[in-house]
Each structure stands twice: as C-alpha cells, then as structure tokens.
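The values are calculated or read from the model by the stated rules, or taken from the named source; none is laboratory data. Because the structure is predicted, anything quoted here is derived from the model rather than measured. Positions of Cβ are generated from backbone atoms using ideal geometry, with glycine treated the same way; all protein chains shown enter the neighbour counts.
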Amino acid sequence: MGNALVRYGGQGFLYLLFAAFIGYFSTAPAYQHLEPDQGLLRLSFRHPGQFITDCRERSPEELAKLPRQLRAQMDCPRERSPVHVRVELDGKSLYDETFAPAGLRRDGAASGYHRLPIPAGEHRLRVQVNEDARVKGFTHEGERQLMVAPGQVVLIDFIADQGGVVIR
C-alpha cells in the first residue's frame, strides 16, 4: 500500500510539473507580431505569366513526320514567363524579386509571398509587375498614397481581372 502511495504521488507531482511547464510557455515569452510603431506590407499572389513565345504554324513537311494523332496545325509552347515584382516605398526600392512558374515544364502559375515591416505613417506605395518575359520594363503598375496605422496590414495582390495590381 505504501509503495502505491509513493508511485501515485510521484506521478501526480510529475503531472503538476508538466502542467506548470505548459502553463508558463502558453503565455511567456510574449510574442510581438510587429514593433509598436510599425505596419506590415504583405505581398501575396498566384498568377500564371504569359506564354514565353507565340504559337507557330507547322509546315506540311513537319506535319507529315508526326504521328497521325499529333498532327496539330499550330505548335504552341506550354512554358510561361516568370513574374517579376518590384515594390517601392516613398521612391526607394523595398523589394525586387522574380518568381518562377511552377511545374516540371514551367507551365504553372507563379506564386509569391513576402512580408515587409514598414514604419507607421503616410507613405507613397508603388508596385510594378511584369508577367511577360518578351516585354522590357513592367506590364502592370499600381500606385497609392497610404496612411499606415501601427499594426495595420496592407495587402498587395495581383488580380488580372481587376486591372492587375491591387493594393488594399
């Protein structure tokens, strides 16, 4: 009987230590998402770039060499352009990155995600996107005057149906 009391008492003590450990680390150390005087720019998009080259028409000689089931008149590539994104804040480059298309044949959508802490206050935000490797410079641009409050999150997205660069 005495042996069982020691065993259950020891087990209870270990459970108590474990509960205290979990209780302490559930509240400490305190996690701080951002500094008190900062906001956050969040770049998040998924977009298939334009095709890397145009379709071309196959010659009759090329068609004759192909098996009957593969004799399509037009030869169209599957590979897509990478998506290049540049973010400027108050005229200074803050982020400049190129996102490769997904897939083994590079024929999927490019995905981008990046978090940028910025100081709270009034800012001029400019976002430029190039989705076509055949075009020099940028194909889409969005610019906006922002008043960023401490802790505020500003989302940068690329939605072709809504005019390209979306800042909200």
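I'd like to check something: does segment 158-167 contain any residue that is in a loop (DSSP other than H, G, I, E, B) and of a type outside the set (Val, Ile, Thr)? Give the derivation first.
Start the filter on segment 158-167 by keeping residues that are in a loop (DSSP other than H, G, I, E, B), which leaves 163.
Of the ones still in play, those that are also of a type outside the set (Val, Ile, Thr) are 163.
There is at least one residue in segment 158-167 that is in a loop (DSSP other than H, G, I, E, B) and of a type outside the set (Val, Ile, Thr).
Within segment 132-142, is there a residue that is within 15 Å of residue 44 (Cα to Cα) and either basic (Lys, Arg) or not in a strand (DSSP E or B) (or both)? Among the residues of segment 132-142, not one is within 15 Å of residue 44 (Cα to Cα) and either basic (Lys, Arg) or not in a strand (DSSP E or B) (or both), which makes the answer no.
Okay, residues lined up against (1) within 33 Å of the chain's Cα centre (by Cα); (2) surrounded by fewer than 13 Cβ atoms within 10 Å (Cβ to Cβ); (3) at pLDDT 95 or above:
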{"site": "30", "(1), (2), (3)": "yes, yes, no"}
{"site": "43", "(1), (2), (3)": "yes, no, yes"}
{"site": "46", "(1), (2), (3)": "yes, no, yes"}
{"site": "51", "(1), (2), (3)": "yes, no, no"}
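Starting from residues that are loosely packed, with under 14 Cβ neighbours inside 10 Å and in contact with a Leu (Cβ under 9 Å, 6 or more places away or on another chain), keep the ones in segment 71-94 and report whichever is farthest from residue 121 (Cα to Cα). So, considering only residues that are loosely packed, with under 14 Cβ neighbours inside 10 Å and in contact with a Leu (Cβ under 9 Å, 6 or more places away or on another chain), the one farthest from residue 121 (Cα to Cα) is 71. You will find that of 70, 89, 116, the residue that is within 18 Å of residue 167 (Cβ to Cβ) and at pLDDT below 95 is 116 and no other.
If you filter segment 95-118 down to residues that are exposed (fewer than 13 other Cβ atoms within 10 Å of the Cβ) and in contact (Cβ under 8 Å) with a residue 40 or more places away in the chain, you find that the one that is farthest from the chain's Cα centre (by Cα) is 117. Of the residues screened, residue 63 is one that is surrounded by 11 or more Cβ atoms within 10 Å (Cβ to Cβ) and out of contact with any strand residue (DSSP E or B) (no Cβ under 6 Å at 6 or more places or on another chain).
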